Amino acid sequence: MALQQTELRPMGKSIGRKEDPRLIRGKGRYIDDIMLPNMLYMCVLRSPYAHARIRRIDASAALAAPGVKLVITGEDLAGMNLAWMPTMAGDTQMVLATGKVLFQYQEVAAVVAETRAQAEDALQLIEVDYEPLPVVVDPFKALEPDAPILREDKEKKSNHIFHWEAGDREQTEALFRDAPVIVKQDVRFPRVHPSPLEPCGCVADYNSATGRLTFYVTSQAPHAHRTVLAMVSGLPEHQIHVISPDVGGGFGNKVPVYPGYVCAIVASLKLGVPVKWIETRTENITSTNFARDYHMTAEIAAREDGRVLALRVKTVADHGAFDAAADPSKFPAGLFSIVTGSYDFRSAFVEVDGVYTNKAPGGVAYRCSFRVTEASYLIERVMDVLARRLQMDPAELRLRNFIRKDQFPYHSPTGWVYDSGDYEKTLNLALQRIGYAELRKEQAEKRARGEFMGIGISTFTEIVGAGPGHTFDIMGIKMFDSAQIRVHPTGKVIARLGVRHQGQGHETTFAQIIAEELGLSADDVLIEEGDTDTAPYGLGTYASRSTPTAGGAAALCGRRIREKARKIAAHLLEVGEDDVIWDGLAFTVKGLPGRSVSMKDVAFAAYTNVPEGMEPGLEATYYYDPPNLTFPNGAYIAVVDIDKGTGAVKVRRFMAVDDCGNVINPMIVEGQVHGGLTEGFAIAFMQDIPYDADGNCLAPNWMDYLVPTSLDTPHWETDRTVTPSPHHPIGAKGVGESPNVGSPAAFVNAVVDALSPLGVEHIDMPIFPWKVWSILREHGIDE
Ligand code: MCN
Ligand code: CUM
């Protein structure tokens, strides 16, 4: 039974998630649920070496193994001009290795068999003769002149990928020259992985009679995938039908096109039957889009009273073997230049250098807002370093430097125009809700007793909603998004959007937006996403862009429907169009409030009784290219206690005040915040993908790469302020990534604050208990 929530005017209400009755009862349809007649299974052979020349591949024994139908190698693909594919970052990536392998677990060959077990068994029979080459895992070593060159396919004989900068170098230097106070801190954001519950996978189904490829794939961006596949495969775009069924978590992992997809399509083209490929957990962690791996150095120039003047940032970005970051094309370091954050710096200069290493390729993913997680963590960490240097309370330092409410729209020194915010109000609410003054008193008492309690603040500014199309594109395609609404004769609606949710609740929130515009209930509106044959073109769900872009399209599309509906209403009410007013629920006659027709009446008339000469039907499509991004923000405060015996950090309290403008569904927003905080907590305390000197991945599964359970997860307290976006059709800003962008700094600041009596100024994530334990022991604290 479906949920019934017939409430009208659903905007801003916590109505139950329409998708949950399906998903919670196991009635979802995920990629591995798709079973087609005559379907075969594909498995991928991966490299045990991080860097090696391939002398020879012998697949004859595998080909002769039971059930095996096909083996594909890089050489086979080279014959079809498919051995390499383009990445979104403008680089190229090997589909199956030719010549050499560049990271451990790189795709070397694919086997297709009648069963998955047969395919896996046959992988063992493929003989590959590797000649190991020197390995580079440290991006700084990769930049040294005598480092081995990894990408022999490139003209440029160096491991340096790109240099990118933003801001004003001279002005920043000048401010640094005269500054009375300068702080400097090296900060590493470790390599992490979004690790969604459902790994990546696909079913490729090529019909040789129709020439049509139906491609089922766990995708956050089905339309973009169709375009890329058309460009890579040479199949006409209308002959590719991409279907992204229920997605079991994406977190950015399901934005890129992966080699396995191309291999499955090639296999289906060759064999004429459907081919399924589903990753294992290890394949997902070791080869698909990782996140972060930023080595950052930040300096702040300030006055003695704490007023900040300038910010200087230098970063080395480790992209692994191929730059497969899923950033907008003109932004090799994503939106990292938002690094001045919530503070009114006079000037800033930011540089990023991208580097190849023998590691898995990437890397933009994991609730990252295109590198805003790194930027936000850096500035929030370094503001605390400055506070400590000046012996100033970190809340006070922030309040002194915030961009003030009356400065919006605010032009940042790196070129962004922040739309709106009230940072002071948000922080004050968080301070008051958590009882900041009392906590500081408690901390002082505990310090006197030799106990380690810490309070960490993070007041972040996010930047989400890419477009606008004039600045943001992916391989030339402008980053707008779309909605199409069809109102049927009985007033029931099907709406399709160009985005594709992975658990964010679009089936509910977008139904709320459209129902609000049409005077219906959310139950009357069915939301469909993920099918390129039916949905209007859109760029997909990532970077918290769905609400800012497709949400805007949904509202404006609803208003477009209303324009036609008003004409029909005038006809039904037998008055002129100008005398018809929309009161939020129905069309009424000016001055005659008793006379009205509802959207349901109008819908029926649209198919039965339209005014003379009017086209029948009631539907509309809207492509919305936003005028600017939206700038959600928040104030997070963590309180931690450290166990001196074990070094374990207990997060005693966590207060998150978010401002994402007008809220469509408060419960869903709270759920997004809980989820993102849990991931931020995991990043701060549990997650890292290290490599040894030979390039072996040391966290290739959930035994070594830790995912938090409900037992690890702290209790989250949430609240909100509302500063509507002035340019968004319903005043909403995105929120999905805010908690992950904002929270790591709050956790780390709290731990550093706890240990500051020992002189600790910084600890790199993840803060495992052993790190804290070692610091305590180094300082002679032994309990
Ligand atoms: N919302 C709202 N009011 C607002 C803003 C948002 O009610 N003012 C609602 C939206 O309508 C939507 C949800 O909150 O239902 C998230 O909206 P938005 O911030 O627009 O983000 P997206 O829908 O574009 O989701 C993307 C974002 C990203 S980039 C990652 S990564 C992430 C995240 O969402 N991955 C997720 N949250 C996730 N949640 C789940 N369950 N699974 C993932 O894979
Ligand atoms: Cu960068 S993770 Mo989200 O944008 O899909």
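The figures follow:
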quantity: Sulfur and carbon atoms: percent of accessible area, the stretch 442-560 [1.4 Å]; calculated: 53 percent
quantity: Rounded Å value of the spacing that divides the Cα centres of the stretch 177-240 and the stretch 319-340; calculated: 14 Å
quantity: Loop trypsin sites (Lys or Arg not before Pro), the stretch 1-56 (other Cβ atoms within 10 Å of the site Cβ: 14 or fewer; DSSP); calculated: ARG25, LYS27, ARG29
quantity: Long-range amide H partners of PHE480 with built H, under 5 Å; calculated: GLY467
quantity: Over the stretch 88-187, equivalent-ellipsoid semi-axes from the Cα gyration tensor in Å; calculated: 45, 17, 14
quantity: Kirkwood hydrodynamic radius of the stretch 377-427, from inverse mean 1/r over distinct Cα pairs, in Å; calculated: 12.0 Å
quantity: Solvent exposure of the chain as accessible area per residue, Å², 1.4 Å probe; calculated: 35 Å²
quantity: Candidate residues TRP277, TRP416: accessible-area rank, largest first, probe 1.4 Å; calculated: TRP416, TRP277
quantity: Selection of trypsin sites (Lys or Arg not before Pro), the stretch 315-410, meeting DSSP coil and at most 11 other Cβ within 10 Å; calculated: LYS330
quantity: Area accessible to solvent at HIS488, 1.4 Å probe radius, in Å²; calculated: 60 Å²
quantity: List LYS100, LYS184, LYS564, ordered by accessible area with a 1.4 Å probe, largest first; calculated: LYS184, LYS564, LYS100
quantity: Positive-pole candidate from ALA221, GLY16, ILE300, dipole of the chain, charges at beta carbon; calculated: GLY16
quantity: Nearest-10 value in Å² for the accessible area of ILE494, using the 1.4 Å probe; calculated: 50 Å²
quantity: Convex hull of the stretch 244-336 built on C-alpha atoms - directionally averaged projected area, nm²; calculated: 9.8 nm²
quantity: By accessible area with a 1.4 Å probe, ligands and nucleic acids excluded, highest first: order of GLU127, GLU612; calculated: GLU612, GLU127
quantity: Rg followed by Dmax, in Å, when the stretch 293-397 is reduced to its Cα trace; calculated: 15.1, 46
quantity: Dipole moment magnitude, nearest 20 debye, the chain about Cα centre, only Lys, Arg, Asp, Glu C-beta charged; calculated: 660 debye
quantity: Sites matching GluC sites (Glu not before Pro) across the stretch 207-311 that sit in DSSP coil, with at most 15 neighbouring C-beta atoms within 10 Å; calculated: GLU304
quantity: Sulfur and carbon atoms: percent of accessible area, the stretch 640-681 [1.4 Å]; calculated: 56 percent
quantity: Value of Rg/Rh across the chain [Cα atoms, Kirkwood radius]; calculated: 0.99
quantity: Dipole magnitude of the stretch 174-247 about its Cα centre (Cβ charges: Lys, Arg +1; Asp, Glu -1), debye to nearest 20; calculated: 300 debye
quantity: Fraction of accessible area attributable to carbon and sulfur, the stretch 1-146 (%, probe 1.4 Å); calculated: 53 percent
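The values are calculated or read from the model by the stated rules, or taken from the named source; none is laboratory data. As the structure is a computational prediction, the values presented were derived from the model and not from experiment. FYI the Cβ positions are ideal-geometry reconstructions off the backbone, even for glycines, and counts take in every protein chain you see. These area figures cover heavy atoms from the full protein model, side chains too; ligands, DNA and RNA do not enter into them. Shrake-Rupley method; radii C 1.70, N 1.55, O 1.52, S 1.80 Å.
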